[in-house]
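Working notes, beginning with the structure itself.
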Amino acid sequence: MNIRYTNHAAEELMYILQTGCAEGAKVFFLADEHTQNLCLPRIGSIPAERTIIIPAGDDHKTIATVTRVWKALQEGGATRSSHLVCVGGGMVTDLGGFAAATFKRGIGFTNVPTTLLAMVDAAVGGKTGVNLGGLKNEVGTFRDAEAVIIDTQFLATLDEENLRSGFAEMLKHSLLDSEAMWAQHVNLMLDEPDLATLQEMVQQSIEVKSRIVSQDPTERGLRKALNLGHTAGHAFETLALRRERPRLHGYCVAWGLVVSLYLSSTLLGFPTERLRQTVSFVRRYYGVPDVTCKDYETLYGLMLHDKKNADGRLNMTLLQDIGHIALNQHPSKEAIYEAFDFLREG
Ligand code: GLY
């Protein structure tokens, strides 16, 4: 994985294009309606054949939008040696990566993630894809970007909620890694983070993900660890969406982490003091989900539909301790309900 850390995205991108693309290769930019004005100007000095703008939001993460990108590439005369630069959050990097991976059986692409969530998760690790029939990332491929440019200066314009959302994935990586990394995360003042400290933590976080992905790029085993907190997290996210009160992905992951750590503690002996500290961090910065015990059946049903399950049973990643990963765990319905109670009431 070619991850480039910089404070000057334009210079880095110029270098990538000059060294990685054939002479005269056409470069295309992809951005959405938000990143077009907020982020694209930061690299706008680089000449491109065309800038393709797609509508923002997960609702537009569809094959219809991919078709628009394919057509724009075709109309712009893209060839196999052309290069797509995806500038945006996870929706743009996932969808753009998929469009690039499939156009003429694959052209090169570079990701320039502009949200914390995309920097530490979506843009890194080769997963590309789109939603289908109400299911997230139902169609996609594994395809590595030629490069991922991490310029944390983009975070200066990111709103607080999106910063917290991305940080939940960083908290997850710290739980998978080490006590020292976790302690730094749960002690961070997330409402007033120092950009230099955050920059270092972002790099550390990406390194954790990269290490895991490099050992298991196509998620046969170890990569499942990155699903920590996501089975319950996706259920909270889907329920909120159905109620037309959508919550950001990272908030749902933070709540999912509490569910997973509670299960880890009761089923595998995860230390209660570390559970307590993590829960108090999550409560402080993410609150609790807007659910009651009447929602448990629906939430459990949604968890059972997670595409990572097999044989009609839940298949979750839990922890024996920080950095001690237990893959393929099958908690009972009763245990899940207890974990929901714990999440709501502490
Ligand atoms: N977001 C989890 C993964 O990349 O595997």
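Normalised by the number of residues in the chain, the average gap of Cα pairs under 8 Å and 6 or more apart makes the relative contact order 14 percent.
Spin-label model, K104 to L241: label points 7 Å out along the Cα-to-beta-carbon direction sit 3.3 nm apart. In the context of the full protein assembly, T197 retains an accessible surface of approximately 40 Å², using a probe radius of 1.4 Å and ignoring ligands and nucleic acids.
Which order do K136, K294 take when ranked by solvent-accessible area (1.4 Å probe, heavy atoms of all protein chains), largest first?
So, going from the largest accessible area down, we get K294, K136.
Can you give the helix-only mean residue ellipticity at 222 nm for the chain, where every DSSP H stretch with n ≥ 4 adds -39500 (n - 2.57) and the sum goes over all residues, rounded to the nearest 500 deg cm²/dmol?
-15000 deg cm²/dmol, from helical runs alone.
Taking the protein heavy atoms of segment 1-85 in the context of the full set of protein chains, the accessible area attributed to carbon and sulfur is 47 percent at 1.4 Å. Only protein heavy atoms count here; on that basis, with a 1.4 Å probe, T317 has an accessible area of about 10 Å². Comparing mean-square fluctuations of A254, A145, A326 from a GNM of the chain with C-alpha springs under 10 Å, the top value falls on A326. Excluding ligands, DNA and RNA, the accessible surface per residue across segment 299-346 is 48 Å² with a 1.4 Å probe. Could you give me D for the chain, from Stokes-Einstein at 37 °C and 0.692 mPa s, where the hydrodynamic radius is the Kirkwood radius over C-alpha pairs? Units µm² s⁻¹, please. Translational D for this selection: 160 µm²/s.
Cα axis of helix 195-215 to longest principal axis of the chain: angle in degrees, 0 to 90, nearest 10? The angle comes out at about 90 degrees. Summary value for segment 284-346: 28 percent relative contact order, contacts being C-alpha pairs under 8 angstrom separated by 6+ residues. Here the accessible area is traced with a 1.4 Å probe on the protein chains. For segment 105-202, carbon and sulfur cover 47 percent of it.
Taking the protein heavy atoms of segment 277-335 in the context of the full set of protein chains, the accessible area attributed to carbon and sulfur is 48 percent at 1.4 Å. Annotation: amide H of L319 within the under-5 Å range of S264, A326, sequence separation 5 or more or interchain, hydrogens built in the peptide plane.
Checking the cross-link pairs K61/K209; K136/K333; K127/K224; K172/K224; K294/K333; K127/K308 against a 20 Å limit on the alpha carbon distance flags K61/K209; K136/K333 as lying beyond it. Using a probe of 1.4 Å on the protein chains alone, the accessible area found for C293 is around 80 Å².
Solvent exposure of segment 157-284 amounts to 41 Å² per residue of accessible area, where only protein heavy atoms count and the probe is 1.4 Å.
The values are calculated or read from the model by the stated rules, or taken from the named source; none is laboratory data. Bear in mind that the values here come from a model prediction, so they are computed numbers and not experimental data. FYI the Cβ positions are ideal-geometry reconstructions off the backbone, even for glycines, and counts take in every protein chain you see. Side chains included, ligands, DNA and RNA excluded: accessible areas come from the protein's heavy atoms. Shrake-Rupley method; radii C 1.70, N 1.55, O 1.52, S 1.80 Å.
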